[in-house]
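Student: Right, I'll just put the structure down here and ask away after.
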Amino acid sequence: MINLNGFTNLYLTSNAASGNGGGAWLMYSFLWSGGRVEIGGNDAAGSGGGVHADSGSFVMLQPSPAGRPNIYNNTAVDNGGGLCVLEAQASLKDVRIGLDFSGNPSANRCLGSAAGDGGGGLALLQSRAWLTNCWVAYNRAEYYGGGIEVSGSRLTMKGNPALLSPGDFHPPNRIFGNVVSNGSLGIGGGLHAVDSTVRIEDALVYSNLALYGGGLHADAPSTVLVVNAAILLNQASVTGGGVRAYGSITHMDLLHCAVVNNSRGGISVASSAEVSLTNCIVGLNQSEQITAGHSVSYSDVAGGYAGAGNIQLDPFFILSDVYDVRLGYGSPCINNGAVAAAVAADAIGEPRPFGAGYDMGAYEYNGDTYDTDGERMTDGWEADHSLDPWVGDALDNDDSDEYLNIEEYISDTDPFDGDSHLQITSITNGATRDVGFLSSTARVYALYTTPHMTNDATWTIVGTNLNLRGNGVTYTAIDTNAPAGQAFYRVDVQVP
Ligand SMILES: [Ca+2]
Ligand SMILES: [Ca+2]
Ligand SMILES: [Ca+2]
Ligand SMILES: [Ca+2]
């Protein structure tokens, strides 16, 4: 059933086709919706369990106030369990493939064939596709591309940090939990590319599973560029846990990636494929980090690897969760990458380079905003004030004044000087009342007053004395309308 609901919402649910396109089969057509999109529970005996976009068609899916598009629980016998794009184009923004509308796992599946193709969530066959902030998760194929199959196609995946939830530091494109299940031929758990040009940026690729190439697998002839990606905890039963490149005329470049904790190899290269790494971090992968003999530079590789600028040191990941490969305070990967002029931002859109140079890995460290120990005092402030950015000391009071370290941070006072804390230093009584306090140029202040100093006193802002930027010396806030009798004053401080 297609219900375009005034061309607003698009529901394609619980249909079946004896050929292609369980929910819809498009030929020379345009599929778009400005509203809620659900493509779920459809089955095709051919390709495109949810939708089969064929022959010059164009599929454009994007979020709306009603939520993100979801493609889930569709099955195909041939290619593209969720969506198959054949000699056509697709632009997908903020689409969830393999998750239902509530965000619960709901796999798309396809069988595909041992001879080639597959794509549990998405198949691109002789096609062109652009993916922005998409999640491809929990999908299954039998032979190739548990999440995505790219065959004879061009795929560009790029992040748009403006669409990230506030505080979410994980890269916006995510390929996770996808599986190719065949026990004797299962290739490319997250993504399989053959005869294709693929560019994956700003991506988190984790917990995918295959025999060969748990996370990403490139087959000849292919050109694959991966930028600002974290490839973590993927598994290959045979080889290429994180990434595998196979066959001559296959070239894979990894730039600013972290390939960590994958099993049966971090980056495995076979049969004359070529791989190059720049500004990457590779470590903790089981059995091998990177197959020997490839071009690796300005990278941190566990156990070491020949090449200019390479190091072998603990990268000091923050690890606030197992997918958190942001660099912590003092990481040797900070500022030790090569100049990568083409990479202007990191996996979540923070500008590169920050500070004295480009950082290795998917993230660019910024001491003015990073808080390695997660206790709300920035690394830069802690380091400037003789505190340890790795040690939780926010609730200490090192100078035994009345203010905890976190309060000294908020007021930008010295946590090791008992005389330094936020305080009113003078009040002059004349035609106006002038309230003086020591201020920081990095903080904003407000002046409040009350006529009676009681526990339930009502404090009101004094005139326009809100958001006063400190001046680094004594700031004088002026009450131009002071009452004739007594008044009490209070100064508030905030991190702007
Ligand atoms: Ca830097
Ligand atoms: Ca901190
Ligand atoms: Ca103190
Ligand atoms: Ca102090």
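Bear in mind that the values in this text are calculations on the coordinates, not laboratory data. Since this is a predicted model, take the numbers as computed values, not measurements. Ideal geometry is used to build each Cβ from the backbone, glycine not excepted, and the neighbour counts take in all protein chains shown.
Student: Scan around GLY463 for amide H atoms under 5 Å from its own, H built in the peptide plane at 1.01 Å from N, and keep only partners 5 or more places away or cross-chain.
Tutor: Placed amide hydrogens put nothing under 5 Å from GLY463.
Student: Quick one: if the Förster radius is 41 Å, what FRET efficiency do ALA270 and SER386 give, using the C-beta to C-beta distance and rounding to 0.05?
Tutor: So, using R0 = 41 Å, E works out to roughly 0.20.
Student: Which ordering of THR250, THR460, THR449 is given by a fewest-first count of other beta-carbon atoms within 10 Å? Provide the component values of the computation, followed by the final result.
Tutor: Values: THR250 26, THR460 10, THR449 22.
Fewest-to-most Cβ neighbours within 10 Å comes out as THR460, THR449, THR250.
Student: Do the sum for the chain: with -39,500 (n - 2.57) for every DSSP H run of n ≥ 4, divided by all residues, what is the mean residue ellipticity at 222 nm, to the nearest 500 deg cm²/dmol?
Tutor: Theoretical 222 nm ellipticity from helices: -500 deg cm²/dmol.
Student: Here's another thing I want to ask about it. Please list, ordered by chain and number, the residues whose modelled amide H lies under 5 Å from the amide H of VAL150; skip anything fewer than 5 residues away on the same chain.
Tutor: LEU124, HIS192, ALA193, VAL194
Student: Something else now. PRE reach from THR428 (point 7 Å along Cα→Cβ): which of the range 462-477 fall under 13 Å by backbone N?
Tutor: The answer is 475-477, whose backbone nitrogens lie closer than 13 Å to the label point.
Student: If you don't mind, there's one more thing I want to ask. Could you line up CYS134, CYS257 from fewest to most neighbouring Cβ atoms inside 10 Å?
Tutor: Working: CYS134 28, CYS257 31.
Ranked by crowding around the Cβ, least crowded first: CYS134, CYS257.
Student: Right, here's the next one. Using modelled amide H (1.01 Å from N, peptide plane; none on Pro or chain starts), what sits under 5 Å from the amide H of ILE311, excluding residues fewer than 5 places away?
Tutor: Amide H neighbours of ILE311: SER299, ASP300, VAL301.
Student: Here is a follow-up. Beta carbons within 10 angstrom, averaged per residue: use that to sort the peptides 367-373, 41-47, 428-434, highest first. Don't skip to the answer; put the middle values down first.
Tutor: Values: 367-373: 18.3, 41-47: 23.1, 428-434: 11.9.
The most tightly packed comes first, giving 41-47, 367-373, 428-434.
Student: OK, next. P(r) for the chain: what percent of alpha-carbon pairs falls in each 10 Å bin, starting at zero?
Tutor: 4, 18, 23, 18, 13, 11, 8, 3, 1, 0
Student: Report ³J(HN,Hα) in whole Hz for each residue of the range 29-44, in order, from the Karplus equation J = 6.51 cos²θ - 1.76 cosθ + 1.60 where θ = phi - 60°; Gly and Pro get x.
Tutor: Running phi through 6.51 cos²θ - 1.76 cosθ + 1.60 with θ = phi - 60° gives 10, 10, 10, 8, 8, x, x, 6, 10, 10, 10, x, x, 9, 10, 10 Hz.
Student: Something else: Using the Karplus equation 6.51 cos²θ - 1.76 cosθ + 1.60 (θ = phi - 60°), what ³J(HN,Hα) coupling, rounded to whole Hz, does each residue of the range 379-385 give in order, writing x for Gly and Pro?
Tutor: 4, x, 5, 4, 5, 5, 10
Student: Another question, then. Relative to the present Cα-Cα distance, how much length would full extension add between ALA338 and ASP324 at 0.36 nm per residue of separation? Write out the running numbers ahead of the final one.
Tutor: Working: separation 14, 0.36 × 14 = 5.04 nm, distance 2.28 nm.
Residue separation times 0.36 nm, minus the Cα-Cα distance, leaves 2.8 nm.
Student: Quick one: Karplus J couplings for the range 104-113, per residue in order, coefficients 6.51, -1.76, 1.60, θ = phi - 60°, nearest Hz, x for Gly and Pro?
Tutor: Once θ is set to phi - 60°, the couplings for the range 104-113 become 7, x, 7, 5, 8, 9, 9, 8, x, 9 Hz.
Student: If packing is taken as the average count of other Cβ atoms within 10 Å, what order do 355-362, 10-17 fall into, highest mean first?
Tutor: Details: 355-362: 22.5, 10-17: 18.4.
For the peptides 355-362, 10-17, the packing ranking is 355-362, 10-17.
Student: If the chain between THR223 and ALA306 were fully stretched, how many nm would it gain, using 0.36 nm times the residue separation less the Cα-Cα distance? Display every interim value, and only then the final one.
Tutor: Working: separation 83, 0.36 × 83 = 29.88 nm, distance 2.36 nm.
Here the segment from THR223 to ALA306 would lengthen by 27.5 nm.
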